[in-house]
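The values are calculated or read from the model by the stated rules, or taken from the named source; none is laboratory data. Values in this document were obtained by computation on a predicted structure and should not be read as measured data. Virtual Cβ from ideal backbone geometry, glycine too; neighbours counted across all protein chains shown. With ligands, DNA and RNA removed, areas are computed over all heavy atoms of the protein, side chains included. Shrake-Rupley method; radii C 1.70, N 1.55, O 1.52, S 1.80 Å.
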Amino acid sequence: MSRFQSRPFIGVILFCALLIMLVTSVIMFSKQHNALIALMHTLVGLLMVLVLVWHLIKNIRPLKHYLNPFQKHAGRFSVAWPLAICVIAYVGLAPVFQLAPAIEVYRFGQTLKAADKADSDPELKYVQREVEVPEGTGQRITVELKKGPYFLWPQYALWIESVSGEFVQPLYVTEKLATNQFTNKVVKKDPHQVFNSHLLVGEGPNAWDVLEGQEDPASKNSRMRPESLPVFLHQLNMRAENGMMVPDDDSLTIDGFSGATMTDNFIYTTRLQSPLQGRHRVRLEVNHSFDYNTYYSSDRFLDDPIYSGDGYSAQPSVIYEAIIDFDNHANETLAVMSLVGHGHHSGRNGDIYEDVSNLTTALELVERVIVSVN
(Lines give C-alpha, C1' and ligand atoms only; values in the text may rest on other atoms or scores of the structure.)
Protein backbone atom coordinates (compact mmCIF):
# COMPACT_ATOMS: atom_id res chain seq x y z
CA MET A 1 0.00 0.00 0.00
CA SER A 2 1.41 3.37 -1.01
CA ARG A 3 1.69 5.97 1.68
CA PHE A 4 -0.80 8.82 1.98
CA GLN A 5 -0.04 11.87 -0.16
CA SER A 6 -1.71 15.09 0.85
CA ARG A 7 -1.30 16.94 -2.45
CA PRO A 8 -3.59 14.69 -4.59
CA PHE A 9 -6.01 14.35 -1.64
CA ILE A 10 -6.34 18.12 -1.33
CA GLY A 11 -6.58 18.55 -5.09
CA VAL A 12 -9.41 16.00 -5.53
CA ILE A 13 -11.41 17.44 -2.62
CA LEU A 14 -11.07 21.00 -3.87
CA PHE A 15 -11.99 20.02 -7.42
CA CYS A 16 -15.13 18.12 -6.36
CA ALA A 17 -16.09 20.83 -3.86
CA LEU A 18 -15.63 23.46 -6.55
CA LEU A 19 -18.09 21.64 -8.85
CA ILE A 20 -20.69 21.36 -6.08
CA MET A 21 -20.21 24.99 -5.04
CA LEU A 22 -20.59 26.07 -8.65
CA VAL A 23 -23.92 24.26 -9.07
CA THR A 24 -25.37 25.36 -5.72
CA SER A 25 -24.19 28.94 -6.27
CA VAL A 26 -26.00 29.14 -9.62
CA ILE A 27 -29.18 27.71 -8.04
CA MET A 28 -29.05 30.10 -5.07
CA PHE A 29 -28.32 33.04 -7.36
CA SER A 30 -31.09 32.47 -9.88
CA LYS A 31 -33.88 30.42 -8.23
CA GLN A 32 -36.02 30.12 -5.14
CA HIS A 33 -34.05 27.46 -3.27
CA ASN A 34 -34.94 25.31 -0.31
CA ALA A 35 -33.04 24.57 2.90
CA LEU A 36 -31.41 21.46 1.41
CA ILE A 37 -29.55 23.49 -1.24
CA ALA A 38 -28.50 26.09 1.33
CA LEU A 39 -27.26 23.39 3.73
CA MET A 40 -25.29 21.61 0.98
CA HIS A 41 -23.72 24.90 -0.11
CA THR A 42 -22.75 25.76 3.48
CA LEU A 43 -21.28 22.36 4.35
CA VAL A 44 -19.25 22.08 1.13
CA GLY A 45 -18.07 25.66 1.62
CA LEU A 46 -16.94 24.80 5.17
CA LEU A 47 -15.08 21.75 3.85
CA MET A 48 -13.32 23.92 1.27
CA VAL A 49 -12.26 26.38 3.97
CA LEU A 50 -10.83 23.60 6.16
CA VAL A 51 -8.94 22.04 3.25
CA LEU A 52 -7.63 25.43 2.14
CA VAL A 53 -6.39 26.20 5.66
CA TRP A 54 -4.60 22.85 5.65
CA HIS A 55 -3.16 23.63 2.23
CA LEU A 56 -1.96 27.07 3.38
CA ILE A 57 -0.33 25.63 6.50
CA LYS A 58 1.60 23.14 4.36
CA ASN A 59 2.69 25.96 2.07
CA ILE A 60 3.32 28.66 4.62
CA ARG A 61 6.80 29.55 3.33
CA PRO A 62 5.80 30.41 -0.27
CA LEU A 63 2.70 32.14 1.12
CA LYS A 64 4.89 34.48 3.17
CA HIS A 65 6.89 35.11 0.04
CA TYR A 66 3.71 36.04 -1.91
CA LEU A 67 2.39 38.28 0.88
CA ASN A 68 5.55 40.37 1.03
CA PRO A 69 4.86 43.45 -1.16
CA PHE A 70 8.57 44.28 -1.28
CA GLN A 71 9.63 40.86 -2.48
CA LYS A 72 11.10 40.91 -5.95
CA HIS A 73 10.32 38.19 -8.48
CA ALA A 74 12.83 37.62 -11.25
CA GLY A 75 14.47 40.90 -10.22
CA ARG A 76 11.23 42.95 -10.46
CA PHE A 77 8.46 44.00 -8.06
CA SER A 78 5.26 42.04 -8.78
CA VAL A 79 1.90 43.79 -9.31
CA ALA A 80 0.05 40.62 -8.21
CA TRP A 81 -0.04 41.64 -4.53
CA PRO A 82 -1.57 45.15 -4.94
CA LEU A 83 -3.90 43.87 -7.66
CA ALA A 84 -5.17 41.12 -5.36
CA ILE A 85 -5.79 43.68 -2.60
CA CYS A 86 -7.79 45.86 -5.01
CA VAL A 87 -9.96 42.93 -6.10
CA ILE A 88 -10.70 41.90 -2.50
CA ALA A 89 -11.45 45.51 -1.52
CA TYR A 90 -13.90 45.92 -4.42
CA VAL A 91 -15.74 42.68 -3.67
CA GLY A 92 -16.01 43.60 0.00
CA LEU A 93 -17.15 47.19 -0.53
CA ALA A 94 -19.48 46.69 -3.55
CA PRO A 95 -22.49 45.52 -1.49
CA VAL A 96 -22.00 48.34 1.04
CA PHE A 97 -21.74 51.18 -1.47
CA GLN A 98 -23.89 49.62 -4.24
CA LEU A 99 -20.99 49.62 -6.67
CA ALA A 100 -21.51 48.71 -10.32
CA PRO A 101 -21.29 46.28 -11.99
CA ALA A 102 -21.46 43.99 -8.93
CA ILE A 103 -24.81 45.44 -7.79
CA GLU A 104 -26.25 44.94 -11.27
CA VAL A 105 -25.27 41.28 -11.10
CA TYR A 106 -27.09 41.01 -7.76
CA ARG A 107 -30.22 42.70 -9.13
CA PHE A 108 -30.19 40.38 -12.13
CA GLY A 109 -30.17 37.42 -9.75
CA GLN A 110 -33.09 38.87 -7.79
CA THR A 111 -35.01 39.29 -11.05
CA LEU A 112 -34.42 35.64 -11.89
CA LYS A 113 -35.60 34.62 -8.41
CA ALA A 114 -38.73 36.73 -8.70
CA ALA A 115 -39.57 35.21 -12.08
CA ASP A 116 -39.06 31.72 -10.65
CA LYS A 117 -41.32 32.51 -7.69
CA ALA A 118 -43.99 33.93 -9.99
CA ASP A 119 -43.99 30.67 -11.94
CA SER A 120 -44.37 28.55 -8.81
CA ASP A 121 -46.67 30.65 -6.59
CA PRO A 122 -50.18 31.85 -7.47
CA GLU A 123 -50.59 35.61 -7.72
CA LEU A 124 -52.50 37.04 -4.78
CA LYS A 125 -54.53 40.20 -5.40
CA TYR A 126 -56.59 42.22 -2.96
CA VAL A 127 -59.32 44.74 -3.68
CA GLN A 128 -59.24 47.58 -1.16
CA ARG A 129 -62.47 49.45 -0.52
CA GLU A 130 -63.26 52.09 2.08
CA VAL A 131 -66.71 53.49 2.81
CA GLU A 132 -67.26 56.59 4.91
CA VAL A 133 -70.59 56.53 6.72
CA PRO A 134 -72.16 60.02 6.81
CA GLU A 135 -72.12 61.35 10.37
CA GLY A 136 -70.58 58.09 11.57
CA THR A 137 -68.93 58.56 14.97
CA GLY A 138 -68.04 54.99 15.92
CA GLN A 139 -64.90 52.92 15.68
CA ARG A 140 -63.24 52.08 12.38
CA ILE A 141 -63.61 48.43 11.48
CA THR A 142 -61.75 46.52 8.78
CA VAL A 143 -62.56 43.10 7.36
CA GLU A 144 -59.93 41.24 5.36
CA LEU A 145 -61.25 38.29 3.35
CA LYS A 146 -59.08 35.77 1.56
CA LYS A 147 -61.28 33.87 -0.83
CA GLY A 148 -61.41 30.12 -1.28
CA PRO A 149 -61.37 28.22 -4.60
CA TYR A 150 -65.17 28.36 -4.99
CA PHE A 151 -65.61 32.09 -4.29
CA LEU A 152 -66.80 32.92 -7.83
CA TRP A 153 -69.91 35.18 -7.87
CA PRO A 154 -71.30 34.85 -4.35
CA GLN A 155 -73.81 36.87 -2.40
CA TYR A 156 -72.65 37.92 1.06
CA ALA A 157 -73.36 40.27 3.93
CA LEU A 158 -71.34 41.57 6.86
CA TRP A 159 -73.06 42.91 9.95
CA ILE A 160 -72.75 43.48 13.70
CA GLU A 161 -75.09 42.19 16.37
CA SER A 162 -74.97 41.95 20.14
CA VAL A 163 -73.93 38.71 21.80
CA SER A 164 -77.60 38.28 22.76
CA GLY A 165 -78.58 38.37 19.07
CA GLU A 166 -79.90 41.91 18.63
CA PHE A 167 -79.12 43.45 15.23
CA VAL A 168 -76.88 46.54 15.48
CA GLN A 169 -76.00 47.60 11.95
CA PRO A 170 -74.97 46.27 8.53
CA LEU A 171 -71.36 46.67 7.41
CA TYR A 172 -71.50 45.56 3.79
CA VAL A 173 -74.10 43.90 1.59
CA THR A 174 -73.72 42.87 -2.03
CA GLU A 175 -75.64 45.17 -4.33
CA LYS A 176 -78.04 42.64 -5.84
CA LEU A 177 -79.29 41.68 -2.40
CA ALA A 178 -79.42 45.25 -1.05
CA THR A 179 -81.35 46.59 -4.03
CA ASN A 180 -83.20 43.36 -4.83
CA GLN A 181 -81.95 43.25 -8.41
CA PHE A 182 -82.04 39.52 -9.07
CA THR A 183 -82.88 39.93 -12.74
CA ASN A 184 -81.17 36.86 -14.23
CA LYS A 185 -83.73 34.09 -14.65
CA VAL A 186 -82.82 30.68 -16.01
CA VAL A 187 -84.64 27.36 -16.37
CA LYS A 188 -83.55 23.80 -17.07
CA LYS A 189 -83.30 22.78 -20.69
CA ASP A 190 -84.37 19.32 -19.56
CA PRO A 191 -86.98 19.68 -16.77
CA HIS A 192 -86.28 16.13 -15.59
CA GLN A 193 -82.52 16.49 -15.23
CA VAL A 194 -81.17 16.18 -11.70
CA PHE A 195 -78.13 18.20 -10.63
CA ASN A 196 -75.88 16.69 -7.96
CA SER A 197 -72.58 18.48 -8.65
CA HIS A 198 -71.38 22.07 -8.93
CA LEU A 199 -72.63 23.56 -12.22
CA LEU A 200 -69.85 26.17 -12.53
CA VAL A 201 -66.72 24.11 -11.80
CA GLY A 202 -65.68 20.50 -11.89
CA GLU A 203 -66.25 17.66 -14.32
CA GLY A 204 -70.05 17.53 -14.06
CA PRO A 205 -72.59 19.28 -16.30
CA ASN A 206 -71.90 22.93 -17.02
CA ALA A 207 -74.57 25.53 -16.22
CA TRP A 208 -74.39 27.06 -19.69
CA ASP A 209 -75.04 23.65 -21.27
CA VAL A 210 -77.98 22.57 -19.09
CA LEU A 211 -79.68 25.91 -18.35
CA GLU A 212 -81.18 28.58 -20.54
CA GLY A 213 -82.60 32.02 -19.97
CA GLN A 214 -81.61 35.66 -19.92
CA GLU A 215 -81.85 38.84 -17.91
CA ASP A 216 -85.39 39.90 -17.09
CA PRO A 217 -85.44 43.62 -16.13
CA ALA A 218 -89.12 43.32 -15.30
CA SER A 219 -88.23 41.18 -12.27
CA LYS A 220 -86.27 44.00 -10.62
CA ASN A 221 -87.52 44.73 -7.08
CA SER A 222 -90.05 41.90 -7.35
CA ARG A 223 -88.05 38.68 -7.41
CA MET A 224 -87.33 37.76 -3.81
CA ARG A 225 -84.43 35.53 -2.76
CA PRO A 226 -84.97 34.76 0.95
CA GLU A 227 -82.80 31.65 0.60
CA SER A 228 -79.76 33.68 -0.47
CA LEU A 229 -78.76 35.00 2.98
CA PRO A 230 -81.55 33.95 5.35
CA VAL A 231 -79.72 34.60 8.65
CA PHE A 232 -78.89 38.18 7.68
CA LEU A 233 -82.30 38.89 6.17
CA HIS A 234 -84.15 37.64 9.23
CA GLN A 235 -81.85 39.67 11.47
CA LEU A 236 -82.53 42.71 9.31
CA ASN A 237 -86.24 41.98 9.77
CA MET A 238 -87.38 43.92 6.72
CA ARG A 239 -90.29 42.53 4.76
CA ALA A 240 -92.27 43.48 1.70
CA GLU A 241 -96.05 43.76 1.78
CA ASN A 242 -96.27 40.21 0.46
CA GLY A 243 -94.34 38.95 3.49
CA MET A 244 -91.15 38.18 1.58
CA MET A 245 -87.77 39.32 2.84
CA VAL A 246 -86.48 42.73 1.67
CA PRO A 247 -88.95 45.47 0.68
CA ASP A 248 -90.02 45.87 -2.95
CA ASP A 249 -89.10 49.56 -3.14
CA ASP A 250 -85.87 51.51 -3.41
CA SER A 251 -85.88 53.03 0.07
CA LEU A 252 -83.68 50.42 1.71
CA THR A 253 -81.80 51.23 4.88
CA ILE A 254 -79.07 48.83 3.80
CA ASP A 255 -78.48 50.57 0.47
CA GLY A 256 -75.88 52.90 2.01
CA PHE A 257 -73.83 49.88 3.03
CA SER A 258 -73.98 48.08 -0.29
CA GLY A 259 -71.71 47.85 -3.29
CA ALA A 260 -70.76 45.70 -6.23
CA THR A 261 -69.83 42.14 -5.37
CA MET A 262 -66.10 41.98 -4.73
CA THR A 263 -65.15 38.67 -6.35
CA ASP A 264 -61.49 38.80 -5.36
CA ASN A 265 -59.71 38.90 -2.02
CA PHE A 266 -60.67 42.17 -0.37
CA ILE A 267 -59.88 44.53 2.49
CA TYR A 268 -62.99 46.50 3.45
CA THR A 269 -62.95 49.41 5.91
CA THR A 270 -65.82 51.49 7.25
CA ARG A 271 -66.81 53.45 10.36
CA LEU A 272 -69.56 52.41 12.73
CA GLN A 273 -72.58 54.66 12.95
CA SER A 274 -72.03 55.18 16.68
CA PRO A 275 -69.43 54.00 19.23
CA LEU A 276 -69.98 50.51 20.60
CA GLN A 277 -69.13 49.19 24.04
CA GLY A 278 -68.76 45.67 25.30
CA ARG A 279 -68.70 42.41 23.39
CA HIS A 280 -70.40 42.12 19.99
CA ARG A 281 -70.53 39.62 17.16
CA VAL A 282 -69.24 40.49 13.71
CA ARG A 283 -70.81 38.06 11.26
CA LEU A 284 -70.36 37.11 7.63
CA GLU A 285 -72.95 35.14 5.68
CA VAL A 286 -72.02 33.96 2.19
CA ASN A 287 -73.85 31.86 -0.38
CA HIS A 288 -73.31 30.72 -3.96
CA SER A 289 -75.91 29.48 -6.41
CA PHE A 290 -75.46 26.38 -8.56
CA ASP A 291 -73.15 24.64 -6.04
CA TYR A 292 -75.08 21.35 -5.88
CA ASN A 293 -73.62 18.22 -4.31
CA THR A 294 -74.84 14.68 -3.72
CA TYR A 295 -76.87 15.70 -0.66
CA TYR A 296 -78.06 19.13 -1.76
CA SER A 297 -79.12 17.90 -5.19
CA SER A 298 -81.77 19.61 -7.28
CA ASP A 299 -84.34 16.96 -6.29
CA ARG A 300 -83.63 17.01 -2.53
CA PHE A 301 -86.59 19.18 -1.50
CA LEU A 302 -89.09 18.84 -4.34
CA ASP A 303 -91.99 20.09 -2.21
CA ASP A 304 -90.12 23.28 -1.34
CA PRO A 305 -91.04 25.86 -4.02
CA ILE A 306 -88.15 28.14 -3.08
CA TYR A 307 -85.39 25.53 -3.07
CA SER A 308 -86.76 23.96 -6.24
CA GLY A 309 -87.49 27.32 -7.87
CA ASP A 310 -85.42 29.48 -10.21
CA GLY A 311 -82.84 30.58 -7.64
CA TYR A 312 -80.77 27.40 -7.86
CA SER A 313 -79.60 27.97 -4.29
CA ALA A 314 -78.20 24.43 -3.90
CA GLN A 315 -76.01 24.29 -0.76
CA PRO A 316 -77.25 26.75 1.86
CA SER A 317 -75.42 29.82 3.10
CA VAL A 318 -72.52 29.48 5.54
CA ILE A 319 -72.01 31.79 8.51
CA TYR A 320 -68.75 32.95 10.07
CA GLU A 321 -68.38 35.08 13.17
CA ALA A 322 -65.87 36.74 15.48
CA ILE A 323 -66.42 38.18 18.93
CA ILE A 324 -65.04 41.71 19.35
CA ASP A 325 -64.66 43.43 22.72
CA PHE A 326 -65.13 47.12 22.01
CA ASP A 327 -64.04 47.98 25.56
CA ASN A 328 -60.52 46.86 24.70
CA HIS A 329 -58.61 50.14 24.56
CA ALA A 330 -55.57 48.77 22.75
CA ASN A 331 -54.63 50.50 19.51
CA GLU A 332 -56.06 47.66 17.48
CA THR A 333 -58.10 44.53 18.16
CA LEU A 334 -57.74 41.57 15.81
CA ALA A 335 -59.96 38.50 15.57
CA VAL A 336 -60.23 35.64 13.11
CA MET A 337 -63.74 34.63 12.07
CA SER A 338 -64.70 31.00 12.58
CA LEU A 339 -67.37 28.90 10.90
CA VAL A 340 -70.47 28.56 13.11
CA GLY A 341 -72.95 26.82 10.81
CA HIS A 342 -75.27 27.26 7.84
CA GLY A 343 -78.60 28.88 7.12
CA HIS A 344 -81.90 27.29 6.08
CA HIS A 345 -81.80 25.87 2.55
CA SER A 346 -84.85 27.89 1.47
CA GLY A 347 -84.68 30.81 3.89
CA ARG A 348 -87.67 29.67 5.95
CA ASN A 349 -86.10 31.01 9.15
CA GLY A 350 -83.04 32.81 10.43
CA ASP A 351 -81.67 29.94 12.49
CA ILE A 352 -78.06 28.78 12.29
CA TYR A 353 -77.62 25.03 11.88
CA GLU A 354 -74.34 23.81 13.33
CA ASP A 355 -74.19 20.50 11.42
CA VAL A 356 -72.19 21.19 8.25
CA SER A 357 -71.40 17.55 7.45
CA ASN A 358 -73.48 17.66 4.24
CA LEU A 359 -71.70 20.74 2.90
CA THR A 360 -68.76 20.40 0.50
CA THR A 361 -67.71 23.25 -1.79
CA ALA A 362 -69.69 25.73 0.33
CA LEU A 363 -67.06 25.21 3.03
CA GLU A 364 -64.40 26.38 0.56
CA LEU A 365 -65.99 29.69 -0.39
CA VAL A 366 -63.84 31.44 2.18
CA GLU A 367 -60.32 30.56 3.27
CA ARG A 368 -59.82 33.19 5.96
CA VAL A 369 -61.55 36.28 7.37
CA ILE A 370 -59.85 38.67 9.79
CA VAL A 371 -61.62 41.51 11.61
CA SER A 372 -59.74 44.46 13.09
CA VAL A 373 -61.04 47.44 15.05
CA ASN A 374 -59.23 50.62 16.07
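Restricting to DSSP loop positions (anything but H, G, I, E, B) with no more than 12 other Cβ atoms inside 10 Å of their own Cβ, which chymotrypsin sites (Phe, Trp or Tyr not before Pro) remain in the stretch 271-374? Loop-located and lightly packed - Tyr295. Quick check: pseudo-label points 7 Å beyond the Cα along Cα→Cβ at Thr42 and Phe167, how many nm apart are they? Inter-label distance under the simple model: 5.9 nm.
Provide the FRET efficiency to the nearest 0.05 for the Val91-Tyr126 pair, computing r from the beta carbons and using R0 = 45 Å. Write out the running numbers ahead of the final one.
Numbers: r = 41 Å, r/R0 = 0.91.
Plugging the Cβ-Cβ distance into 1/(1 + (r/R0)^6) gives 0.65.
Only protein atoms count toward the accessible area here, which uses a 1.4 Å probe; on the stretch 254-374, the carbon and sulfur part of that area reaches 44 percent. The local environment of Leu199, defined by Cβ-Cβ distances under 14 Å, has a net charge of -4 under the rule Lys, Arg +1 and Asp, Glu -1.
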